[in-house]
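The values are calculated or read from the model by the stated rules, or taken from the named source; none is laboratory data. None of the values given here were measured: they were computed from a predicted structure. Glycine gets a Cβ as well: all are built from the backbone with ideal geometry, and neighbour counts include every protein chain shown.
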Amino acid sequence: MFVLSSRAEEPVEFNRDIRPIFTKHCTACHGGVKEAGELSLIYRARALGKAKSGKPAIVPGDPAASELVQRINSRDPDEVMPKPKHGPRLSDPEIQTLTEWIRQGAKWEEHWSFMPPVEPTEPVLKRTDWAASKGDKLVLAKLEAEGLAPAPEASKAEWFRRVSLDLTGLPPTLEEWDAFQRASAANPKAAMEAEVDRLLASPQYGERWAAMWLDLARYSDTLGFEKDPHRDIWPFRDWVIRALNDDMPYDRFTEKQLAGDLLPNPEPDDLIAAAFHRNTQNNTEGGTDDEEYRTSSVIDRVNTTWTAWQATTFGCVQCHSHPYDPIPHEDYYRFMAFFDNSEDTDLNNEFPKTKVASDPAKQGEAVRLEKAVRETRRAIN
């Protein structure tokens, strides 16, 4: 006999109620890497399909016909899931929750990180004098729900030092501190807002935050491997810094790095931005195989693109479906096809190259002169 929830009419939510149970008890064996019994509880289609036994693990609306419910209720050590050697049996509340979820139709939800964000409803708060923004209100609502209070407000000096370190990576100078004190004496809120604006407008802001992006982009001034010779790719570093200091919209920041060279009539800066894909290592050792190098570079670009823009360990999917994210093995090679058209060779010529002026302010003039030289040579020939 199956145990039914005493709150049968309360909706069971997959992400809130079911996914934690699967993660705790099931997906180590029935996930993306191991699909024991040909059952994966990562993907809805596979979870609702027939397992190796020929029976469906989950039949929406019918717990009695669902082998999953039979297995988690079984007292037979050879049949119960999880197996005794893999962990304790599910608790009665967990069994009730899974059973009720199936009875309600086994509605599936993607992981929250793969779902479009939704504007939350503004919470009703007990304390109304603390929150300065919508984000503060959401934080305070959670604190109140847990019976907690916000931390004490930072002193003026603490705030000033923190905001400088956060935005520029540098401690403030005594002169900056004196100026802030004078401004905040008249209007503290306006002085704080003005200080944030000043720091965001400083060159150091772009340098500070570019370092984090360059780490994701695996930027290096050398080629890597055991010889690790010098590489002239610093214009890409400077482009990232300028993009942040110019407050470039994120969609353009993305487009230029992923496909700047494919834009209609690309500017020199667009070609420089596309060097995101040239941050791969080069092995200048003799006897290397060009196709092996080309393939490893494509794989590096695939993995880096997903890490930088999706915050996902996509490299796992090269060999098997993702252990816990809903990304099947086949998707790796579908995505790889976008990058698998390069003509890289494992040489130290870094072809193709773009000529860049050492002074960015003179880049336009350098491009004009380069064009004039080409036209003159064509006329002579």
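How many of the residues making up segment 330-365 are modelled with pLDDT of 80 or more and more than 20 Å from residue 234 (Cα to Cα)? Summing the residues that are modelled with pLDDT of 80 or more and more than 20 Å from residue 234 (Cα to Cα) in segment 330-365 gives 12.
In summary, residue 146 fulfils each of the numbered conditions (1) surrounded by 11 or more Cβ atoms within 10 Å (Cβ to Cβ); (2) within 30 Å of residue 19 (Cβ to Cβ) with the single exception of condition (1).
Of the helices (runs of 4 or more DSSP H) contained entirely in segment 172-281, not one carries at least 2 residues that are over 21 Å from residue 361 (Cβ atoms) and touching a Cys at 6+ places or on another chain (Cβ under 9 Å). With respect to the numbered conditions (1) among the aliphatic types (A, V, I, L, M); (2) touching a helix residue (DSSP H, G or I) at 6+ places or on another chain (Cβ under 6 Å); (3) over 23 Å from residue 311 (Cβ atoms); (4) surrounded by fewer than 16 Cβ atoms within 10 Å (Cβ to Cβ), which one is the sole condition not fulfilled by residue 185? Unmet for residue 185, out of (1) among the aliphatic types (A, V, I, L, M); (2) touching a helix residue (DSSP H, G or I) at 6+ places or on another chain (Cβ under 6 Å); (3) over 23 Å from residue 311 (Cβ atoms); (4) surrounded by fewer than 16 Cβ atoms within 10 Å (Cβ to Cβ): (2). Give me a count of the residues in segment 34-77 that are crowded, with 20+ Cβ neighbours inside 10 Å, assigned to a loop (DSSP other than H, G, I, E, B) and touching a residue at least 60 places away in the same chain (Cβ under 8 Å). Final tally of qualifying residues: 2.
Of the residues making up segment 94-110, just one is at positive phi and either crowded, with 19+ Cβ neighbours inside 10 Å or without any contact (Cβ under 8 Å) to a residue 40 or more places away in the chain (or both), namely 106. Within segment 197-215, restricting attention to residues that are loosely packed, with under 14 Cβ neighbours inside 10 Å and among the hydrophobic types (A, V, I, L, M, F, W, C), the residue that is nearest to the chain's Cα centre (by Cα) is 212. Of the residues contained in segment 105-113, one or more are found to be closer than 30 Å to residue 310 by Cα, out of contact with any Phe, Trp or Tyr (no Cβ under 6 Å at 6 or more places or on another chain) and part of a helix (DSSP H, G or I). Exactly one residue out of 222, 304 is of a type in the set (S, T, N, Q), under 22 Å from residue 207 (Cα atoms) and in contact with a strand residue (DSSP E or B) (Cβ under 9 Å, 6 or more places away or on another chain), and it is 222. Touching a Leu at 6+ places or on another chain (Cβ under 8 Å), within 30 Å of residue 237 (Cα to Cα) and without any contact (Cβ under 8 Å) to a residue 60 or more places away in the chain: does that describe residue 171? So residue 171 passes the test. Confirm whether residue 291 is among the acidic types (Asp, Glu), free of Cβ contacts under 8 Å to residues at least 24 places away in the same chain, out of contact with any helix residue (DSSP H, G or I) (no Cβ under 6 Å at 6 or more places or on another chain) and over 18 Å from residue 114 (Cα atoms). When the stated conditions are applied, residue 291 passes them.
Might you check whether a residue that is touching a Gly at 6+ places or on another chain (Cβ under 9 Å) and surrounded by 15 or more Cβ atoms within 10 Å (Cβ to Cβ) occurs anywhere in segment 246-261? The answer is no, given that none of the residues of segment 246-261 is touching a Gly at 6+ places or on another chain (Cβ under 9 Å) and surrounded by 15 or more Cβ atoms within 10 Å (Cβ to Cβ).
Checking the structure you have, find out if any residue of segment 330-341 is surrounded by 11 or more Cβ atoms within 10 Å (Cβ to Cβ) and part of a loop (DSSP other than H, G, I, E, B). Yes, segment 330-341 contains at least one residue that is surrounded by 11 or more Cβ atoms within 10 Å (Cβ to Cβ) and part of a loop (DSSP other than H, G, I, E, B). The single residue among 207, 255, 195, 175 that is modelled with pLDDT of 95 or more, within 27 Å of residue 306 (Cβ to Cβ) and outside the structural domain of residue 267 (by TED's automatic domain parsing) turns out to be 207.
Just one of (1) under 30 Å from residue 286 (Cα atoms); (2) among the aliphatic types (A, V, I, L, M); (3) in contact (Cβ under 8 Å) with a residue 24 or more places away in the chain; (4) buried (at least 18 other Cβ atoms within 10 Å of the Cβ) fails for residue 241. It is (1).
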